[in-house]
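Asks: Sharing a structure, written as structure tokens. Questions coming.
Only the coordinates and a few stated rules stand behind these numbers; no lab work does. Bear in mind that the values here come from a model prediction, so they are computed numbers and not experimental data. Neighbour counts are summed over all protein chains in view; Cβ atoms, including those assigned to glycine, are modelled from backbone coordinates with ideal geometry.
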Amino acid sequence: MRFLLRRLGFYLAAFFVAITLNFFIPRLMPGDPTTRIFLALRGKLRPDQMDSLRKAYGLEGSLLDQYLAYLWKLAHFDFGVSTVNFPEPTASLLFYAAGWTLFLVGVATALSFVIGVSMGIYAAWHRGGFFDSFFTPINVMMNAFTPAVVALLLWYGFTMEWTVFPLGRAHDINLVPAWDLQSAANIVWHAVLPVASIVLVSFGAWHLGMRNTMINLVNEDFVVLAKAKGLSDRRIRYRYAARNAILPQITSLALSIGYIFGGAFIAEIVFNYPGLGKFTLNAIQTRDYSFIQAQLILLTASVLIANLASDILNVIFDPRLRTGSRH
Amino acid sequence: MSHLTETAPAAATPMPAKATAPPPAGAPSPEELMAELRIKPRPQIFRKVPPSWQTFLSNKAGVAGLLILAVFIVAALLAPVISPYDPYRRAGKPHVQPGVEHFLGTSRQGKDIFSQLLEGGRTSLTVGFVAGLSATLIGVAIGISAGYFSGKTDEILTFFVNVSLVLPALPLIIVFASFVEEASPTVIGLVLAFTGWGWSARTIRTQTLAIKNREFILAAELMGESKWRIVLREILPNMSSFVVGGFVLATIYAILAEAGLEFIGLGSPSSVTWGTMLYWAQRAQALQTGAWWEVWPPAFAIMITGAALVLVNFAVDEITSPQLRAARLGGRIRRFLKRRGRSVDVF
């Protein structure tokens, strides 16, 4: 319990660092959004309009006042008004994009975890065999191929050369997403390529992580004892070796679940997918500060919560942590 | 010293006793066994290099990766000499097919792809290696200090390491790159270096903690060596494979992240790197118009560099974790035993 409380304290501190950075970085950079609007309207704004704009964006008063107001708004989930899509509150845009990203990257993360870990178990069990010596390097190399290249290859191959899959978007333009079979089929069909482009460059890491952890376990005494007892190969492989080797992978899985809200920039841009990555890039290009800040806070919060979840999982699975002998 | 020379012959005497048992009929000779296991005696040169290098050199994939990297680096270094055209200027008509005049064709803007590829390699590799090196240096400095000077120093440094690990780096880079106008390759490299040191700091710290209670460190401390000397001369050399492994990973990360950032248009479009080449190819809709030669050269260059670095990393991993090397070499023995119908459970 003390361990978890200490971690919780750390995450709160880290979150504080993050929101403080988030506040100061944009303000230290040259040019504020009001000046940009002023320039965009070619000086058609009166000084009092400028002031009210400043007020709307929370750029009023001393830096300390602004900071306190910013914290106050954050505590009420008020991310302000989008600079670009003016009357639209940032929060509604953010949650729309977050929904699509959660689906896209969530499915991709789950798939690459399952594929990578099963391949890792197989490679570690038959270590040094053909599968291990051939596919382990290949899979890890795919991990080092840029997502951009893989996404472009898939996009070119399956939408241009063979027109199997749609060019992009999350669903057909004239389809209104609903909870029925037709929408589901349409959405899944549109997600195949983007998901594949993410899975292809990420499952190698799971493969390698699982394989290397498990190889270090298969010569441990408890595995040898299990063999000596005459337990079935299957049982030793899954219940003894893989069961213990998967713990670190579950920790990393929790972390990647936290990173889901980072969005898949490249897949979303190549396949024109309406997720957080595409929206964030758009916000960057149009200097929509409130969206960028809101997205960063969403991401930091989800990463920190995922970290906390992985700590809790570790305490549950690893009795050594409960006694507090490690930190 | 003298007792060592005395015991040496004594240790050798039991050997003939074992060998006196006559080999069973039809058993293969050691030479045949070596041939079947495909084991070659180590070349003489191997004995002159340190053991960790021997491990590295015995891994063919790692050597292949290193050679590929060497070719790329030489090509990048010689770029100004071999480039047939100026990579920053128009060299011909837009989208000329690969041929005699333009080895890899021209881009939409009429720039020579081959010259751009060389120049791009120069920038991309420099950014990758420099960012990777700086991230490793920061990581090593922080990791060793945290591990060796425990107490308050450790607590403060570990806090920063954890913050840097927990804060999502890539989005942070993207936001950071967006706030500076025109993120040149140098700016991207700097940002990558300052966000990519967390992992090496953590592994180095753990390693330092494992090493610092060993006898040789205690001996150095008792001899009154200064702390910095102990860190530099006693601890650091014992972690070289971790440092090299961290450097390779940081470099892969930096090269991929730079290409990714530039591909989505956050880099400076006027610079020539593999990432901006992809960016321009995408903008010119090169694939849709059939100009494949504008896309594939930078794409494959990045892929091959990444793959070569991964191969090197595999070989370095085997130095760090001997179990992995045993697994690779054990495969031959397992296959050998299988072919002879023996149980492979012993490995």
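Asks: What FRET efficiency comes out for A:GLU161 versus A:ILE250 if R0 is 45 angstrom and r is the Cβ-Cβ distance? Round to the nearest 0.05.
Replies: Here the calculated transfer efficiency is 0.70.
Asks: Run the count for segment B:27-171, please: Lys pairs, Cα-Cα under 19 angstrom, 8 or more apart or on different chains.
Replies: Step by step, the pairs that qualify in segment B:27-171 add up to 4.
Asks: If you don't mind, another one. Please work out the FRET efficiency for the pair B:SER184 and A:ASP221, using the Cβ-Cβ distance as r and a Förster radius of 56 Å; give the result to the nearest 0.05.
Replies: Taking R0 as 56 Å, the efficiency between B:SER184 and A:ASP221 is 0.50.
Asks: Continuing with this model, one more query. Grab the Cα-Cα distance for A:ALA228 and A:ARG2, subtract it from 0.36 nm times how many residues apart they are, and report the gain in nm with one decimal.
Replies: Length gained between A:ALA228 and A:ARG2: 77.3 nm.
Asks: Work out how much length B:ASN213 to B:ALA27 would gain on full extension: take 0.36 nm times their residue separation and subtract the Cα-Cα distance, in nm to one decimal.
Replies: Stretched fully, the B:ASN213-B:ALA27 segment lengthens by 62.0 nm.
Asks: Label-point separation (nm) for A:ALA178 and A:SER92, each offset 7 Å from Cα along Cα-to-Cβ?
Replies: 2.2 nm
Asks: Which of B:GLN288, B:GLN116, B:GLN207 moves most in a GNM of chain B, Cα contacts under 10 Å?
Replies: B:GLN288
Asks: Also: What FRET efficiency would be calculated for the residue pair B:ARG229, A:TRP189, taking the C-beta separation as r and a Förster radius of 56 Å, to the nearest 0.05?
Replies: Computed FRET efficiency for B:ARG229 and A:TRP189 comes out at 0.30.
Asks: Sticking with this one: How tilted is helix B:2-12 with respect to the longest principal axis of chain B? Cα atoms for both, answer in degrees (0 to 90, nearest 10).
Replies: Helix B:2-12 and the main axis of chain B meet at about 80 degrees.
Asks: May I ask you to evaluate 6.51 cos²θ - 1.76 cosθ + 1.60, the Karplus curve with θ = phi - 60°, for each residue of segment A:125-132 and list the ³J(HN,Hα) values in order in whole Hz, giving x for glycine and proline?
Replies: The phi angles translate into 5, 9, 4, x, x, 5, 4, 5 Hz.
Asks: Next question, about the same structure. Would you mind working out the magnitude of the charge dipole of segment A:99-326 relative to its Cα centre, with +1 at each Lys and Arg C-beta and -1 at each Asp and Glu C-beta, to the nearest 20 Debye?
Replies: The dipole magnitude comes to about 840 debye.
Asks: Length gain on complete extension for the stretch B:ALA64 to B:GLU221, per 0.36 nm per residue less the alpha carbon to alpha carbon distance?
Replies: 52.3 nm
Asks: Calculate the dipole size of segment A:145-242 relative to its Cα centre from +1 charges on Lys and Arg beta carbons and -1 charges on Asp and Glu beta carbons; express the result in debye to the nearest 20.
Replies: It comes to approximately 580 debye.
Asks: With angles folded into 0 to 90 degrees, how steeply does helix B:60-77 sit against the dominant principal axis of chain B? Use alpha carbons for both and round to 10.
Replies: It works out to around 30 degrees.
Asks: When chain B is treated as a GNM, springs tying every alpha-carbon pair under 10 Å, which of B:VAL49, B:VAL316, B:VAL63 comes out with the largest mean-square fluctuation?
Replies: B:VAL49
Asks: At B:MET34 and B:ARG283, where each label point lies 7 Å from the Cα along Cα→Cβ, what is the point-to-point distance in nanometres?
Replies: With each label placed 7 Å out from Cα toward Cβ, I get 6.1 nm.
Asks: At 7 Å along the Cα-to-beta-carbon direction for both B:ALA75 and A:PHE130, put a label point, then send me their distance in nm to one decimal.
Replies: Placing both labels 7 Å beyond Cα along the Cβ direction yields 3.2 nm.
Asks: Please find, in a Gaussian network model of chain B (springs between Cα atoms separated by less than 10 Å), the residue of B:ASP317, B:ASP86, B:ASP112 whose mean-square fluctuation is greatest.
Replies: Comparing B:ASP317, B:ASP86, B:ASP112 in the GNM, the peak value goes to B:ASP86.
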